[in-house]
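Data first, discussion second: the structure below is written as structure tokens.
The values are calculated or read from the model by the stated rules, or taken from the named source; none is laboratory data. Everything numeric in this text was worked out from a predicted model, so none of it was measured. Every residue, glycine as well, gets a Cβ built from its backbone with ideal geometry; the counts of neighbours run over all protein chains shown.
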Amino acid sequence: MKNPYLPTPMKVEKNVIETGDRNIKTLTLSFLNNKDEEIFNFIPGQFVELSVLGAGEAPFGIASSPMEKKHIDFTISKVGLVTAQLHNLEPGDTVGMRGPLGNGYPIELLRNKNIFIIGGGFGFSTLRAFTNFMLHPDNRKHYGDITVVYGARNPGLLLYKNELSEWEQRNDIQLHVTVDKGDESWKGKTGVVPVIVKELSIDAENTTTLVCGPPVMIKFTLPVLAELGLAPQQTYLSLEMKMKCGIGKCGRCNIGSKYVCTDGPVFSLAQLNKLPQEY
Amino acid sequence: MDYKTIKKSEITEFLDNLIKEYEIAAPIEKDDIVVFDKIKSSNGVILEYSNSVKSPKKFVIPQFETLISYNTNEDTTNVKEHLDEQKQFILFGARPCDARSFLFLDKVFSDEKNRDIYYKNRRDVVLIISLGCTQPQETCFCTTTGGGPFSSEGSDLLLVDIGDDYIIQVITDKGAELVKKLGLKNAQKDELAEMDRVIKKSEAKIEPDLELNNLKDKLDNSFDGSDWETLTEKCLSCGVCTYLCPTCHCFDIVDEEKNRKGERIRIWDSCQFPHFTMQASGFNPRPTYKERYRQRIMHKFSYCIDNYNMVGCVGCGRCISECPVNLDIRQVLTSLYYSMLSGRT
């Protein structure tokens with residue numbers, strides 16, 4: 001029987017600084033053992049528990065697409081003990097991984113829909129994974145128009161800058177990158193995410209929205225989505241909670257009777273509206 | 001159901017025989033309180049007791065448990081799973097409420113999709129010989145939560161004290177096998193009549209059920225009600241209710257390391273502690289006593305019904321008798337229920 005608490009050994013390939021404040025890094029891992037790699041399959045939006053022996057475990061959304069074989073990305077903000085250790089890792093180091101955990105984005109339900117992605121801060125990481133998944137040549141035909149709104153507090157905090165430039169060049173994705181406050185060199189949009197979302201014309205009929213970002217962004221974006229005519233069943237959110245086990249046992253990540261680790265982290269707004277507002 | 005009898009005077013011999021083959025835990029007195037502990041002989045086993053202060057859940061979910069250990073050399077790390085082979089284990093003399101709590105824990109830890117292998121490893125070897133309650137306490141409310149002083153749910157064998165003898169109710173196949181091996185004699189008609197009389201007498205002694213029809217629906221509608229604050233004002237968030245509770249099972253996982261050798265440990269935790277849900281960002285969805293106590297009540301009496309189709313409380317009353325500020329869960333439930341009825345939320 002599988003031991004759900006036993007981490008799979010992973011090798012650090014890269015650990016790259018993403019942001020000007022050096023507080024967010026993207027960690028690229030590969031499998032140490034081939035047989036672990038063979039059985040590892042995931043859906044964008046799922047997460048894992050990463051562990052540094054001696055420091056402990058913490059949950060992280062998978063930031064790369066499952067279409068990219070051989071490596072898995074995690075974008076990690078340094079906020080505590082485990083994340084500080086993860087930031088210190090260098091290529092060749094070993095790290096533990098348990099997963100994939102959680103439900104992920106409802107990729108089957110999203111087929112043939114226009115997809116509206118709204119991300120803020122480093123909550124963008126799993127949305128980046130799903131966007132890359134859709135943009136893959138094998139998958140692009142399964143999705144309609146793709147619109148992405150991505151915001152950060154300032155230009156220095158934007159993630160995946162090279163990739164954003166590549167998306168800019170494509171004609172099969174509408175990208176709107178914004179910052180709350182620009183600087184001298186910033187030539188893009190300025191304004192918080194909900195304001196940018198409001199300016200867009202979205203065909204509500206056949207569009208599904210995926211939202212992930214800080215609570216304040218979510219709070220002000222949801223009413224805008226309702227104004228655009230997007231129903232709660234068409235809106236999905238990926239949530240964050242303190243977690244330990246990741247498998248619905250340790251008791252800390254529930255919202256009402258739902259565990260964010262097993263029933264989520266992705267919920268439709270219609271589902272969330274039925275749950276207590278304790279998140 | 002099969003019924004066997006055993007003389008009370010034969011119980012020590014019965015236990016000493018079992019000890020040869022099984023690991024046995026039984027109620028004993030330790031530091032002036034009754035606790036369940038592993039025994040080496042029948043000496044000191046107490047069978048005239050109300051209930052242990054600590055629940056016997058520790059035999060399936062120990063307070064501390066090593067999940068993995070590791071040591072790091074120059075360039076290799078060896079990780080070891082800690083799944084030691086368990087000896088066949090008998091929990092002797094547990095109360096029916098505690099026996100039922102094991103069924104609840106099974107639902108949490110033995111679900112098909114995410115089976116907890118550490119729990120299974122310990123649970124698979126457990127056989128429960130419970131002892132019906134002829135003297136229910138003032139704090140007992142097992143009948144409100146679906147059990148009873150002689151409930152057989154979760155037990156493999158259930159003893160009923162009929163004076164000089166115990167009747168042994170044979171509940172499960174596992175229990176039947178053990179009884180067969182021990183060659184106990186069948187209970188006689190008059191003994192069974194006495195058993196019925198004892199059970200009826202005891203059931204009459206237990207506090208009447210709280211009248212809480214559709215409690216779950218009412219709780220679900222009262223999440224934002226103002227009563228939570230008033231009711232929980234005196235709670236200290238000390239967590240003793242969760243540590244003593246036979247169904248509370250929340251845990252933390254932490255690493256401990258010294259000299260490049262370390263262990264990943266699972267350790268009991270409590271939803272009553274502020275750090276339990278505190279995120280690294282500093283945000284805490286349950287920042288005060290109110291939200292934390294509400295979580296405990298809602299979890300047991302609403303969420304568990306959704307998730308496991310079973311109330312997450314067996315009515316053992318430990319959280320009532322051991323609460324340092326006398327916060328009585330029965331009064332909390334009743335107050336909530338009736339203020340909800342009268343629409344005061």
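Computed quantities for the displayed model
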{"quantity": "Residue within the range A:76-84 that is away from chain B (no Cβ under 14 Å), at pLDDT 95 or above and touching a Lys or Arg at 6+ places or on another chain (Cβ under 9 Å) present", "calculated": "no"}
{"quantity": "Residue satisfying all of: in the range A:252-279; among the aliphatic types (A, V, I, L, M) and outside any loop (DSSP other than H, G, I, E, B); nearest to the other protein chains (Cβ to nearest Cβ) among these", "calculated": "A:I255"}
{"quantity": "Wholly enclosed strands (runs of 3 or more DSSP E) of the range B:1-88 bearing at least 1 residues under 18 Å from B:V126 (Cβ atoms)", "calculated": "B:23-30, B:33-39, B:64-72"}
{"quantity": "Residue match in the range B:152-166 (condition: touching a Cys at 6+ places or on another chain (Cβ under 8 Å) and buried (at least 20 other Cβ atoms within 10 Å of the Cβ))", "calculated": "no"}
{"quantity": "Criterion: free of Cβ contacts under 8 Å to residues at least 12 places away in the same chain and over 17 Å from the mean Cα position of the chain (by Cα) - qualifying residue of B:D31, B:D16", "calculated": "B:D31"}
{"quantity": "Subset of the range A:238-251 that is at the interface with chain B (Cβ under 9 Å from one of its Cβ atoms) and aliphatic (A, V, I, L, M) - its residue that is surrounded by the fewest Cβ atoms within 10 Å (Cβ to Cβ)", "calculated": "A:M241"}
{"quantity": "In the range B:36-91, residue nearest to the other protein chains (Cβ to nearest Cβ) [restricted to those that are surrounded by 15 or more Cβ atoms within 10 Å (Cβ to Cβ) and among the acidic types (D, E)]", "calculated": "B:E65"}
{"quantity": "Test: residue in the range A:191-214 that is away from every other protein chain (no Cβ under 14 Å), closer than 20 Å to B:Q279 by Cβ and not charged (D, E, K, R)", "calculated": "yes"}
{"quantity": "Filter result for B:L210 (more than 30 Å from B:Y22 (Cβ to Cβ), of a type in the set (A, V, I, L, M, F, W, C) and not assigned by TED's automatic domain parsing to the domain that holds B:R330)", "calculated": "yes"}
{"quantity": "Selection count, the range A:1-32, where residues are surrounded by fewer than 16 Cβ atoms within 10 Å (Cβ to Cβ), in a loop (DSSP other than H, G, I, E, B) and more than 12 Å from chain B (Cβ to nearest Cβ)", "calculated": "3"}
{"quantity": "Those residues of the range B:261-310 which are free of Cβ contacts under 8 Å to residues at least 40 places away in the same chain, of a type in the set (V, I, T) and either in contact with a Phe, Trp or Tyr (Cβ under 8 Å, 6 or more places away or on another chain) or within 10 Å of another protein chain (Cβ to nearest Cβ) (or both), in sequence order", "calculated": "B:T277"}
{"quantity": "Matching option when the condition is polar (S, T, N, Q) and either surrounded by 15 or more Cβ atoms within 10 Å (Cβ to Cβ) or part of a helix (DSSP H, G or I) (or both), among A:N171, A:N132", "calculated": "A:N132"}
{"quantity": "Qualifying residue in the range B:171-180 (condition: under 30 Å from B:L18 (Cα atoms), within 21 Å of the chain's Cα centre (by Cα) and in contact (Cβ under 8 Å) with a residue 60 or more places away in the chain)", "calculated": "yes"}
{"quantity": "Residue match in the range B:202-215 (condition: basic (K, R) and over 23 Å from B:D98 (Cα atoms))", "calculated": "no"}
{"quantity": "Selection status of A:L222, part of a strand (DSSP E or B) and within 25 Å of A:K113 (Cβ to Cβ)", "calculated": "no"}
{"quantity": "Any hit, the range B:274-287, residues being of a type in the set (F, W, Y) and within 30 Å of A:T83 (Cα to Cα)", "calculated": "yes"}
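One line per residue, one yes/no per condition, for (1) hydroxyl-bearing (S, T, Y); (2) under 30 Å from B:I320 (Cα atoms):
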residue: B:Y22; (1), (2): yes, no
residue: B:T72; (1), (2): yes, no
residue: B:V79; (1), (2): no, no
residue: B:D98; (1), (2): no, yes
